Each structure stands twice: as structure tokens, then as C-alpha cells.
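What follows is one structure encoded as C-alpha cells, with my remarks underneath.
The values are calculated or read from the model by the stated rules, or taken from the named source; none is laboratory data. This structure is a prediction, so every number in the text was calculated from the model and none was measured. Using ideal geometry, Cβ is built from the backbone for each residue, glycine included, and neighbour counts are taken over all protein chains shown.
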Amino acid sequence: MSIFPRLTRRGSQVTIHWNFNASRLTQAHIMPYVRIGVQAPDGQLTLLHDGHLLGLPGPPPARPVADVAAQHLPKSVPLLVLASYLSGRQPRAQLVDMLEGMQTGRHYYFPFAVAPDAPLGRYTLLSELYVDGRVQHSGTAVQDFFFVEELHLAPATRTPTGGLLALLTNPGPEPVPVRVVEYLPGSTGTVQEVPAQGTLTVQTATPGVVLYSEEREALPLTDAPGPVFLRNQRLLTWDKAGADETITFVMAGEEDEAYELSGPTQAVWRRADGLSTRAELPGPELQAAYQDLLDAGMILELPR
């Protein structure tokens, strides 16, 4: 079985791929009873499939390969599924069997919705196939699991050298890998791990971001409270050199008129990178410009 993604958050969705292959049958069809499900860390089982499936015998082994391929409808196998099969360290013969099974097998995709209040931790997949009283489990059972994660990042504090110090909290029962990225040219970030039901102190020389859940989730690392603000990405913008300064023009959609930004409004616009907060803007002029841009829909506030 394949799972996408393996690391996720509450309120998301996980897709489970299951391959049913009966092509090695030579005499008669089978109709096994199949149960596919997800078991949460608290023991609750959610069944995604509970019923019978028809398995048909494959073509005779002596039939030419071209004729064998013609016995099946075209199948669309996502590259991620193929990559998942090939990522392990299986023997060559097992990989060949997997690749052949992807063409002759029947692919099922089961979506699993992770509830907003779902338990954190490891979720284990259930795969049971019953034929004549005998049960067969997934060939990848030891790898059939995914994690639901959550992290909390406290507001950072300034160090004596001007850096930032922040505390990451992991309320879940499994460790969570994170990548800490600083806003420095050429910085690649550092990979660390927040222990299960524990904390990790993060220290950086500059503001940055903490990435987790396969880097899909980003937590801004800043010492300022409140939401971050971002330029409205649907607006067209360009800079034009003036006599004394560069002026920024912003146009919405098909409108003929453009906003002209300079001075405080331009300064706020340039700071609207999705990682800064309003509290970082010094002085009443920048605060007033911020409110004007926010009221006009030119910048947006994003929760963090």
C-alpha cells in the first residue's frame, strides 16, 4: 500500500493506494471479502472499504506480452505511487514483480479525512483479504502507517547579540522533524527534531521560518505578535524610476487606473512579504499607511 502524504495535520486528507492483483489465477475467478481501514492512535477504526471484490484470472503464461497488455484497460498510475514502490530496498526480483503488478493489478484509491480534532500520532492501515477462510494482509504492512502532527511556536525573544530564541512545543506522542530556515543569502537551513510531548529551543541569528509536515507547514520565527501580512498576490505591480525616487504602481485586474505608492505606503508594501507583522512597523505614519492598504485590499492579514 502507498500513503500520500505520510506526514500531515489535522483537518487535512490522506489518500491511500491499494493494488488488487489476481492476474496469477489461472482457473477460475475469486470474490474475496476485503476490509481496508485506518486505525487511529486511540484505537478507533475507520473502514474505507468493507465488501467483496471480483478477481479475474489472468491470460495464459504462454501468451505474447503484447496480447497480455491488450487484456487490460489503460491504467493511470501516479508517479508518486511508482516512486513509493521504488523507494524501498527490495530485491530486484521483488521490484520486477511490483512493476508487473502495477500494470496487471487493479488500483484503488481511498481518501481518509483527518478530523480537525483528530488524535495526534501514528495511524495504522488495515488491509484484510479473505478467501475460503484464509486471510491475507498487505505485503507492505510494516510500512503502512502515517502521522498526524501539530506544533506550537511561541513568540521569539531577542538574544543579547540580536538573534532570536523561540520554543517549539510538540503535544503529540511522536517526534516531529523540522527544518529551520534563516533569511540569510545561501542559507540551507538545519534539520532538527522536536521530541514526543516535548519542546525544542530554536535559536537563529536572523528572523526565519520553521517548516514541518514535509515542509508544507510554515511557522514564522519572529518576536512580534499578531498575524503576518502579505501583498495581495492578485494585483499587478511594477516600479518606475522618478526624478527623486522609485515609485511603485499597483493595478487590480482589468482596471485602467493604478495605485501610486511612495513614502510610507511603499515602505509597508515592500515589507508585506507574508512573514512580517504589523507590530514590527515603527511610528504612526507606517501604521496609518498599513491601515490604508489593508482597507483597500492591497495587503492581507494571514493567521499564523
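Remarks
- When Pro195 is tested against the conditions (1) over 21 Å from the mean Cα position of the chain (by Cα); (2) surrounded by fewer than 13 Cβ atoms within 10 Å (Cβ to Cβ), the lone failure is (1).
- Residue that is nearest to His107 (Cα to Cα) [pool: residues in region 2-47 that are under 29 Å from the mean Cα position of the chain (by Cα) and basic (Lys, Arg)]: Arg35
- Odd one out for Val181 among (1) among the aliphatic types (A, V, I, L, M); (2) over 30 Å from Val38 (Cα atoms); (3) exposed (fewer than 13 other Cβ atoms within 10 Å of the Cβ); (4) within 20 Å of the chain's Cα centre (by Cα): (3)
- For Pro282, the conditions (1) in a loop (DSSP other than H, G, I, E, B); (2) of a type outside the set (A, V, I, L, M, F, W, C); (3) over 30 Å from Leu165 (Cβ atoms); (4) free of Cβ contacts under 8 Å to residues at least 40 places away in the same chain are fulfilled apart from (3).
- Taking strands (runs of 3 or more DSSP E) as the structural unit, those lying wholly within region 155-258 and holding at least 3 residues that are hydroxyl-bearing (Ser, Thr, Tyr) correspond to 199-204.
- Test for Asp42: is it on the phi < 0 side of the Ramachandran plot, part of a loop (DSSP other than H, G, I, E, B) and at pLDDT 90 or above: yes
- Residues satisfying the stated conditions in region 280-304, i.e. buried (at least 16 other Cβ atoms within 10 Å of the Cβ) and of a type in the set (A, V, I, L, M, F, W, C): Leu281, Leu286, Ala289, Leu293, Leu294, Met298, Ile299, Leu300
- Qualifying position, being surrounded by 15 or more Cβ atoms within 10 Å (Cβ to Cβ), outside the structural domain of Thr159 (by TED's automatic domain parsing), closer than 30 Å to Leu120 by Cα and not charged (D, E, K, R), among Thr248, Thr237, Thr265, Thr277: Thr277
- When each of Arg24, Arg9 is tested for being among the basic types (Lys, Arg) and either on the phi > 0 side of the Ramachandran plot or buried (at least 16 other Cβ atoms within 10 Å of the Cβ) (or both), the lone residue that passes is Arg9.
- Test: residue in region 260-280 that is more than 27 Å from Arg158 (Cα to Cα) and touching a Leu at 6+ places or on another chain (Cβ under 8 Å): yes
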